[in-house]
1. Might you report the magnitude of the Cβ-based charge dipole of the range 107-265 about its Cα centre, with Lys and Arg at +1 and Asp and Glu at -1, to the nearest 20 debye?
2. Magnitude of the Cβ-charge dipole of the chain, K/R +1 and D/E -1, about the Cα centre, nearest 20 debye?
3. Using the scaling law 2.2 N^0.38 Å as the reference, what is the normalised Cα Rg of the range 322-424?
4. Taking Cα pairs under 8 Å and at least six residues apart, what relative contact order does the chain come out at, in percent?
5. Under 15 Å from the Cβ of Gly297, count the other residues' Cβ atoms, weight Lys and Arg +1, Asp and Glu -1, and hand me the total.
6. List the extent of the Cα atoms of the chain along each of their three principal axes, largest first, rounded to whole Å.
7. For a quick check of understanding: with a 1.4 angstrom probe and all protein chains in place, what accessible area in square angstrom does Val44 have, to the nearest ten?
8. Out of the range 91-156, which GluC sites (Glu not before Pro) are coil in DSSP terms and have no more than 13 other C-beta atoms within 10 Å?
Amino acid sequence: MTLHFTNAKLIDPDAGQIITGGLTVSEGKILQIGEDKAPKGADVIDCGGHCLAPGIVDLGVKVCEPGERHKESYRSAGLAAAAGGVTTMITRPDTEPAIDSPEVLEFVTRRANEAAPVNVVPMAALTKGRQGREMTEIGFLMDAGAAAFTDCDHVVTDTKVFGRALTYARSLGALVIAHPQEPILSKGAAATSGKFASLRGLPAVSPMAERMGLDRDIALIEMTGAKYHADQITTARALPALERAKANGLDITAGVGIHHLTLNALDVADYRTFFKLKPPLRDEDDRLAVAEAVASGLIDIICSMHTPQDEESKRLPFEEAASGAVGLETFLPAAMRLVHADVMDLPTLWRAMSLNPAKRLGLPSGRLQAGAPADLVLFNPDAPFVMDRSTLRSKSLNTPFDGMRMQGKVLKTFVAGNCVFEAQ
């Protein structure tokens, strides 16, 4: 089947431009771009002047299979992703049990392919049980399809173990994703240190803990030559170290979650646990600095850091409540805040949400080019709505955006040229 999209604003993150025209899809791949006249026999989709962009490649999605399927399944996460314009989920291994063996990885890959309407690319744990004591069988896990290796928010405190894992990963060309945080300073923290945390009586962590964790990791990357990605850089203090590491030619990239780009520490307000994240929300100065770092390209990737938690985990005193928020469906409208605030334009935003994560993981998606997969999102960047968490497709509804006025609505999502979501 041949599809032709006409009357579209095409967002090309690779060229950094928006062009008005058409796009043709055949056999699941992009055939041509820019020509508004439909080929003979093609099914025509009139985009109505709205934006057509590569589908979002979301690096760091938690799906709770196996072990906690009541929080999120591959089916519910896949439906939420499709509704949010996410066409590829890069899933985390912080499940129960952890995805740390080829057998578990093959199980979740099979489940994902059966249940999810979008692409699912799994990551595997760096150490067994994510306990930081013994590295996993990285080579076998790569053969089984692991895209990268991470212990998620469990920092490997033993530098000898981490160094060996990085050395081994380098020999295989594997990407290691780490959580830059000094674990002793940040243990038990529920907020970022400062006047607000003191007034609320919350256990807090200094932004310097992130800088210290990143400094250690950079030293180990320099020692081993490994491919490294920092999952979340959320403070201004960490940015100079990241800039120096890149200038020195280290194979390092960095990401940030959309919540840290659009919310700040004051949003916690009256101990609202849907705003409890890991790392905790930062001061406004940090948020602005990190957003500018994304716009300049210093921070490469924006992700949803989708972390489902059930009501029982969140309806607790702030200090005891579980960290994390769902983000698959709210990712695009939250990201549009950065565009409407003139922090960055649409091609720059899509470079961080789609092109860069695909390039870092060696995926062919994330771009509008002939021959690329026809993973596409059609959206209206200006459509206003009030977020109602009860309408979310995730099993868990822990979003901090509940009740907020937002702009940006997904109209249709396509995976390999097949429509997997259409707004009603």
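The values are calculated or read from the model by the stated rules, or taken from the named source; none is laboratory data. Note that the coordinates shown come from a computational prediction; the quantities given were computed from them, not determined experimentally. Here the Cβ positions follow ideal geometry from the backbone for every residue, glycine too, while neighbour counts run over all protein chains shown. Heads up: the accessible areas ignore ligands, DNA and RNA and are worked out on the full protein's heavy atoms, side chains in. Shrake-Rupley method; radii C 1.70, N 1.55, O 1.52, S 1.80 Å.
1. I would put it at about 280 debye.
2. It works out to roughly 120 debye.
3. Relative to the 2.2 N^0.38 Å estimate, the range 322-424 comes out at 1.14.
4. Once normalised by length, the contact order is 20 percent.
5. Value of the local net charge: -1.
6. 64, 48, 43
7. Approximately 90 Å² of Val44 is accessible to the 1.4 Å probe.
8. Filter output for the range 91-156: Glu134.
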